[in-house]
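Undergrad: Can you keep this structure in mind? I'll have questions shortly.
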Amino acid sequence: MSVIKFIMAARCEAAGRQNNEDNFQVTDNLSDNQWSFLTGKEVALGEKGALMVVCDGMGGMNAGEVASGLAVKTIKEWFAADRLTPPVMSSPKTVLNYIEQAVIAADYKIKEAGSQNILQEGMGCTIVLAWIIGKEVYIGWCGDSRAYRFNPVSRLVRLSHDHSYVQDLVDSGKLLQELAFDHPDNNIITRSLGDANHTAKPEVKRFTLCNGDILLLCSDGLCGVLRDEEIESIMANAHTIDQCRHDLWTESEKAGWTDNVTIALCQIVSGAEDMENPATAKPPVKTKITHRKKRKWIVLGIAVMLLLIGAAIEIGYFQANGHWWLPDFILQAINRLMN
C-alpha cells in the first residue's frame with residue numbers, strides 16, 4: 001500500500017488590523033502530539049493522519065482572539081493521539097461524526113467562557129479544519145472561513161460552502177454568484193461558534209485526494225479580498241508550496257487587506273491516485289488581478305458619471321431635435337470605466 005507524501009506551509013498575522021483575532025494550528029503527524037510541522041519539507045503521512053485548523057474570531061475587547069484561541073485549544077484536545085481510537089477512525093461515518101462533535105465541543109467552550117466574563121460575552125469565531133487520513137481528506141466548517149482544493153487538472157474548487165447571508169441570497173436565486181464578492185453585506189455570517197441563540201451546526205464532508213492536490217484553508221482576510229479566479233491564478237503559477245503561500249500573502253496585501261489573514265496549505269506529492277494524465281493537464285493561466293480597492297473606484301466613477309448625466313438630462317442640456325442623446329465623450333468615458 002502506497003504511503004501519502006505531502007508538504008505543508010502556513011502563515012497567520014494581524015495583516016490589515018492592529019490586533020490578530022485569527023488562530024490556527026497545523027500538525028503533520030497526529031500520532032506524536034507535537035502540533036508542529038516541517039515547513040516546506042516532504043513528510044510521510046502517519047497512521048492517525050495530519051490536521052489543519054483555522055479560526056477567525058469576532059467580538060470586542062480582544063474577545064475574538066479569546067474565542068478563536070479556545071476553539072483551536074478544544075480541537076487540539078479532541079485530536080490528541082490517545083483520543084483518536086480505532087472506533088473513532090473505523091469508517092468515514094465515524095470520522096465525520098467525530099469532527100462534528102469536536103466543533104460542537106468548541107462552541108460549548110466559547111459559550112461557557114463568555115458566560116463567566118462580561119467582557120467576553122457574545123464573543124465567537126468561525127472554524128474550518130481539514131483532517132487528512134490515508135487517501136482522503138475530511139473537511140469540517142462553521143461560518144465563512146474556507147477550504148479549497150487546487151489541482152493542475154481540475155483547477156480551483158471550493159470544498160466548503162459559506163454560512164453567510166450573501167451565500168443564502170445566491171443559493172435562493174436572489175443574487176448572481178458574480179455579484180456576491182462585492183456585495184456590501186458579505187461579512188454577515190449565519191453560523192458561527194459562540195452564538196448564544198443557536199447550537200453550532202457545522203457541516204462535514206469527505207473528499208478523495210489526488211496527486212498534485214493543494215489544500216488551502218483560509219480566513220476571509222484572504223478570500224474577502226481575492227476572488228476565486230485570482231486565488232487560482234496565484235496557485236497555478238507558484239512553483240513550490242512556500243512560493244504559493246508567499247504569493248497569496250503578497251497579493252492579498254496589494255489588494256488592500258483590512259482584516260487578519262491566515263493561510264494553511266498542504267500539497268499531496270505522491271501516494272494518492274492521479275486525477276488524470278499530467279500531459280493533459282491545463283497549463284497555468286495568468287489571471288489579471290483587479291484589486292478590490294480599484295473596483296470600488298470604478299463603481300464610484302460609474303455612479304458619479306450617471307449622476308452627472310442625469311443632472312444634465314434633467315436641465316435639458318442634451319436635447320436635440322426632440323430626442324435625448326449622449327455626447328461621444330461621455331459614451332467613451334463610460335466604455336473606459338466598464339473595461
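The values are calculated or read from the model by the stated rules, or taken from the named source; none is laboratory data. Remember, predicted model here, so these are calculated numbers, not experimental data. With ideal geometry, Cβ positions are generated from the backbone for all residues, glycine too; neighbour counts draw on all protein chains shown.
Undergrad: Of the residues GLY221, GLY194, only one is assigned by TED's automatic domain parsing to the domain that holds ALA63, on the phi > 0 side of the Ramachandran plot and among the small types (Gly, Ala, Ser); which?
TA: GLY194
Undergrad: Here's another thing I want to ask about it. Can you name the number of the only condition in (1) buried (at least 21 other Cβ atoms within 10 Å of the Cβ); (2) in contact with a Phe, Trp or Tyr (Cβ under 7 Å, 6 or more places away or on another chain); (3) among the small types (Gly, Ala, Ser) that ALA63 fails?
TA: (2)
Undergrad: Given the criterion of a type in the set (A, V, I, L, M), at pLDDT below 95 and surrounded by fewer than 19 Cβ atoms within 10 Å (Cβ to Cβ), identify the matching residue among LEU175, LEU119.
TA: None of the other options fit; the residue is LEU119.
Undergrad: Quick one: would you say GLU251 is in contact with a Leu (Cβ under 9 Å, 6 or more places away or on another chain) and at pLDDT 95 or above?
TA: The answer is yes for GLU251.
Undergrad: If I filter region 55-77 down to residues being among the small types (Gly, Ala, Ser) and outside any helix (DSSP H, G or I), which single residue comes out as nearest to ILE132 (Cα to Cα)?
TA: By that ranking, first place goes to GLY57.
Undergrad: Can you tell which of ALA200, ALA264, ALA238 is at pLDDT 95 or above, in a loop (DSSP other than H, G, I, E, B), within 30 Å of VAL3 (Cα to Cα) and small (Gly, Ala, Ser)?
TA: That would be ALA238, the only listed residue that is at pLDDT 95 or above, in a loop (DSSP other than H, G, I, E, B), within 30 Å of VAL3 (Cα to Cα) and small (Gly, Ala, Ser).
Undergrad: Identify, from the list MET52, MET89, the residue that is assigned to a loop (DSSP other than H, G, I, E, B), within 25 Å of ASN211 (Cα to Cα) and either at pLDDT 95 or above or in contact with a Lys or Arg (Cβ under 8 Å, 6 or more places away or on another chain) (or both).
TA: It is MET89.
Undergrad: Can you confirm whether region 121-144 contains a residue that is within 16 Å of the chain's Cα centre (by Cα), part of a strand (DSSP E or B) and of a type in the set (Asp, Glu)?
TA: No.
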